[in-house]
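Working notes, beginning with the structure itself.
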Amino acid sequence: MATRSASDLTVRVAGLRRAFGDTVVLDGAELSIRPGEVVALLGGSGSGKSTLLRALAGLDPEATGDIAVPDHFGVVFQEHRLLPWKRVIDNVALGLSGADARGRAVAALTEVGLGDRGQAWPAELSGGQAQRVAVARALVREPELLLLDEPFGALDALTRLRMQRLLERLLDRHGFAALLVTHDVDEALLLADRALVLDGGRIAEQLEVSLPRPRHQEDPEFGRLRRHLLDRLGVPATG
């Protein structure tokens, strides 16, 4: 089982290992995230991206290694995982305590643009709205670290772009650190300060993304970094 200890905003992972039977997915992986830094984790299908994130979130007792994360962190998955029998406001406030719990939930919903949808049922929401609620549910806990496991992967292209912009604004406003697991190279370059490539159970490459914000895909440097990451991920050039 992974050894976990308290930390400040910095994430530290050393010697992380996880095997499923004879298949070793993580083989001594090491990772660090600086205070307020946004890190994107890329890798091929089955490379262990989500496995690593689940270990950081304390959701995989079979993972072994040393993990240090802040006490206060939030998790957003690809599926919103809202409880269908609870209204939106109650989903956001789930697990909160204190007299101001409901007010905090309303404030979090307002921040993601859904302040007027608190009494709706999850089934009444669009996919993008449901993911906004999932983000609000993480934000309401005032995290020092946000763990995002392909949070926009199931959304259409336009909604995905809007959610990326929302996340960018929230990161700028709150300054929390974030680990973004994604298969989308453009998403990584739009949002992250650093992009990591997971291969062979370890972090095989780290790429600083020093592009000025707001970032644009038409920027020649953006294109160069995209091509570099695609090459590293084994995606051949077209044309």
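So here's what we get for this one:
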read-out: The chain: DSSP helices with Cα axial extent of at least 24 Å and average Kyte-Doolittle hydropathy no lower than -1.0; value: 157-174
read-out: Translational diffusion of the range 185-239, µm² s⁻¹ [Kirkwood Rh, Cα pairs; Stokes-Einstein; 25 °C; 0.890 mPa s]; value: 208
read-out: The chain, dipole about Cα centre (Lys/Arg Cβ +1, Asp/Glu Cβ -1), debye to the nearest 20; value: 460
read-out: Rounded percent of accessible protein surface that carbon and sulfur make up, the range 13-70, 1.4 Å probe; value: 45
read-out: Principal axis dimensions, the chain - Cα atoms, whole angstrom, descending; value: 48, 45, 31
read-out: Mean separation of Cα contacts under 8 Å (6+ apart) over length of the chain, as relative contact order %; value: 26
read-out: For the range 125-215, convex hull of alpha carbons as volume per residue, Å³; value: 107
read-out: The range 6-109, Rg to Rh (Cα coordinates; Rh as Kirkwood inverse mean 1/r); value: 1.04
read-out: In order through the range 72-82: 3J(HN,Hα) via Karplus (6.51 cos²θ - 1.76 cosθ + 1.60), integer Hz, x for Gly, Pro; value: 9, 9, x, 10, 10, 9, 5, 8, 5, 6, 6
read-out: Rh by Kirkwood over Cα pairs, then Stokes-Einstein D for the range 150-195 at 0.692 mPa s and 37 °C, µm²/s; value: 299
read-out: Chain lengthening between residue 224 and residue 27 when straightened (0.36 nm per residue, less Cα-Cα); value: 67.9 nm
read-out: Helix-derived mean residue ellipticity, 222 nm - over the chain, DSSP H n ≥ 4, -39500 (n - 2.57), to 500; value: -9500 deg cm²/dmol
read-out: Accessible surface of the range 135-239 [probe 1.4 Å, protein heavy atoms]: carbon and sulfur percent; value: 50
read-out: R0 of 41 Å, Cβ-Cβ distance residue 121-residue 34: FRET efficiency to nearest 0.05; value: 0.55
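The values are calculated or read from the model by the stated rules, or taken from the named source; none is laboratory data. Quick caveat, the model's predicted, so the values are computed rather than measured. Cβ sites come from the backbone with ideal geometry, for glycine too, and all protein chains shown count toward neighbours. Heads up: the accessible areas ignore ligands, DNA and RNA and are worked out on the full protein's heavy atoms, side chains in. Shrake-Rupley method; radii C 1.70, N 1.55, O 1.52, S 1.80 Å.
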